[in-house]
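> This structure is in structure tokens; I'll ask about it shortly.
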Amino acid sequence: MPENILTVRELTERLRANLEGAFPFVWVRGEVTNLTRPGSGHIYFSLKDREAQIQCVWFAQQQKRASRGQDFDPLTGEVYDGPRPSPLSVLRNGATMLCAGRISVYAARGQYQLVVELLQDEGRGMLAQAFEERKRKLMELGYFAVERKRLLPYDAKRVALITSAAGAAIHDFLTLGAQRGSGAQICLFPASVQGNAAAAEIVTALHRAGAQGWAQVIVLIRGGGSLEDLWPFNEEAVAEAVFRSRIPVLAGIGHEVDVTLADMTADARAATPSHAAQLLWPPRTELAQRLDDACGALRRAAAGRLAGMERSLQEQTKALRWLSPSRCLARLRERLERMLCALEKTLPQRLAGAGRQLAQKRDMLHARILRSLERREHALARLTLTVENADPLAPLKKGYALASAANGDILRSVRQVAPGQEIHVRLDNGRLSAIVSVVRPE
């Protein structure tokens, strides 16, 4: 027999593990059919389209979790003024629904099914899907970038307000604004905040407020409502007008959990219209405290400035006294007297020292002159002796004679003359001339 034969249960468990691992959470759109509500409280139905269908089960525990918090929608984040519609009331045969959950295998029948966790009618689901798609698009365009958002002015004085003139939001905003800040001018640019024409009116109001250039900040507010009611603030045209505004925009739309594309694009977001007033104007007590702090700082600065000026005046007065002509003359006189005293003390000593130095230098000079004369006498004697020894006539006194040819050349060799030539001979006491008769070389 082949090895590794699986039982039906083993195969089913493997299929369950693979399916649940591959589809841990999916959204499925389809038409409801085969809806049954047995006494167990669980709901069974199928979702189908033109080509296929899938079995669905919505367990009672998941139904209670989805219905918990009747004023809050867990799928869209929408806050309702009253009880929200229960998903159970819109689930019926023929209705097109959006279901979210995980894919599992029902082992008893050997079929896969969708275990539903969230359920929403297609209309509301399409709005949520459109919101996410627009959100991704605007995020890629940089509409929500933090670095492009500008700071709101502190205690704004000129405010352009865009909202419905008949809504409760304007009343809450103005009431709180009257209790805060140091006073401001508010220019209303009325616009519908709900309905098909609302988006265009909001864009027009934003353009008008920006074109005037009067306001320091534009405030865009609206009270709470359903996702459909707030949809004009999710239109791309409104988000683009907020993005292009040359004036900082503060958005306070709906309740705290309501977040629209206009909120995310604005330079600052308030949780509610009242919160927008709180962000725009500080409490009067804070302004009073800041005024007290400023007055105290001004007093301290003034006191410090006066103290500094007084010190500077004292220093300049002291410098002026020090630089006056009489003080200068007195200082010069004191300096001259000190120099005279010093001269009187040091002059005799300096003269005595100079005398001793002069005597020493005189003795040294005399000794140097004597030594120089002695050296010169010795040198003269040596030169005299040298001159005497070098005199060619000196040997004549000893009996020698100096012979020269007729032309005057001194005769140093017999080869310089020939017999018959005349020569001259110089003796110590005279000269004589002779004729050579014989030449005998040796």
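> Filter region 150-189 for residues that are part of a loop (DSSP other than H, G, I, E, B) and of a type in the set (D, E, K, R); which is nearest to Arg269 (Cα to Cα)? Before the answer, list the steps.
Kept after step one, since they are part of a loop (DSSP other than H, G, I, E, B), are these residues of region 150-189: 150-157, 164-167, 179, 181-184.
Still in the list and also of a type in the set (D, E, K, R): 150, 155, 157.
Values: Arg150: 12, Asp155: 17, Lys157: 19 Å.
That would be Arg150.
> Also, I was wondering about something else. Do you know which residues across region 190-233 are charged (D, E, K, R), loosely packed, with under 15 Cβ neighbours inside 10 Å and in a loop (DSSP other than H, G, I, E, B)?
Let us first name the residues in region 190-233 that are charged (D, E, K, R), namely 201, 208, 222, 228-229.
Applying the additional criterion that residues be loosely packed, with under 15 Cβ neighbours inside 10 Å yields 208, 228.
Correct list: Glu228 only.
> Go through region 1-52 and give me each residue that's outside any strand (DSSP E or B) and among the charged types (D, E, K, R).
Just the residues of region 1-52 that are outside any strand (DSSP E or B), to begin with: 1-25, 37-42, 49-52.
Once the filter is applied, which keeps residues that are outside any strand (DSSP E or B) and among the charged types (D, E, K, R), region 1-52 yields Glu3, Arg9, Glu10, Glu13, Arg14, Arg16, Glu20, Arg37, Asp49, Arg50, Glu51.
> Select from region 241-270 the residues that are among the charged types (D, E, K, R) and out of contact with any Ser or Thr (no Cβ under 8 Å at 6 or more places or on another chain) and write down the one among them that is surrounded by the fewest Cβ atoms within 10 Å (Cβ to Cβ). Show your work before the answer.
Step one: list which residues in region 241-270 are among the charged types (D, E, K, R), which gives 244, 246, 256, 258, 263, 267, 269.
Those left that are additionally out of contact with any Ser or Thr (no Cβ under 8 Å at 6 or more places or on another chain): 244, 246, 258, 263, 267, 269.
On the way: Arg244: 12, Arg246: 10, Asp258: 23, Asp263: 23, Asp267: 19, Arg269: 20.
For region 241-270, the residue satisfying everything is Arg246.
> For region 1-43, enumerate the residues that are surrounded by 13 or more Cβ atoms within 10 Å (Cβ to Cβ) and either in contact with a Cys (Cβ under 6 Å, 6 or more places away or on another chain) or hydroxyl-bearing (Ser, Thr, Tyr) (or both).
Across region 1-43, the qualifying residues are Thr12, Val28, Thr33.
> Give the residues of region 425-442 that are hydrophobic (A, V, I, L, M, F, W, C), more than 10 Å from Ala401 (Cα to Cα) and not in a loop (DSSP other than H, G, I, E, B), sorted by residue number. I'd like the intermediate steps shown before the answer.
Restricting attention to region 425-442, the residues satisfying the condition of being hydrophobic (A, V, I, L, M, F, W, C) are 425, 427, 432, 434-436, 438-439.
When the remaining residues are screened for being more than 10 Å from Ala401 (Cα to Cα), the result is 432, 434-436, 438-439.
The answer is Leu432, Ala434, Ile435.
> While we're looking at this one, here's another question. Within region 248-294, which residues are under 21 Å from Gly213 (Cα atoms) and part of a loop (DSSP other than H, G, I, E, B)?
Answer for region 248-294, where residues must be under 21 Å from Gly213 (Cα atoms) and part of a loop (DSSP other than H, G, I, E, B): Pro248, Ala266, Asp267, Trp281.
> So which residues in region 234-247 are part of a helix (DSSP H, G or I) and of a type in the set (Gly, Ala, Ser)?
Our first condition is that a residue be part of a helix (DSSP H, G or I); within region 234-247, this holds for 234, 236-244.
Hits for region 234-247 are Ala237, Ala239, Ala241.
> Between a residue in region 216-228 that is of a type in the set (Lys, Arg) and any residue that is part of a loop (DSSP other than H, G, I, E, B) and surrounded by fewer than 20 Cβ atoms within 10 Å (Cβ to Cβ), which pairs come within a Cβ distance under 8 Å, given they are 6 or more apart or on different chains?
That search, which allows pairs on different chains as well, returns Arg222/Ser164; Arg222/Gly167; Arg222/Gln194.
> Can you tell me which residue within region 142-164, out of those that are of a type in the set (Lys, Arg) and either free of Cβ contacts under 8 Å to residues at least 12 places away in the same chain or in contact with an Asp or Glu (Cβ under 6 Å, 6 or more places away or on another chain) (or both), is nearest to Gln216 (Cα to Cα)? Write out each step before concluding.
In the first step, residues of region 142-164 are kept if they are of a type in the set (Lys, Arg); the result is 148-150, 157-158.
Okay, now just the ones that are also either free of Cβ contacts under 8 Å to residues at least 12 places away in the same chain or in contact with an Asp or Glu (Cβ under 6 Å, 6 or more places away or on another chain) (or both), so 148-150.
On the way: Arg148: 17, Lys149: 15, Arg150: 12 Å.
Among them, the one singled out is Arg150.
> Something else now. When residues of region 158-189 are filtered for being out of contact with any helix residue (DSSP H, G or I) (no Cβ under 8 Å at 6 or more places or on another chain) and surrounded by 19 or more Cβ atoms within 10 Å (Cβ to Cβ), how many remain?
The total comes to 0.
We did not get these values from a lab; they are worked out from the coordinates using the rules stated. In this text the structure is predicted, and so the values were computed from the model without any measurement. Please note: Cβ atoms are built from the backbone with ideal geometry, for glycine as well, and neighbour counts cover all protein chains shown.
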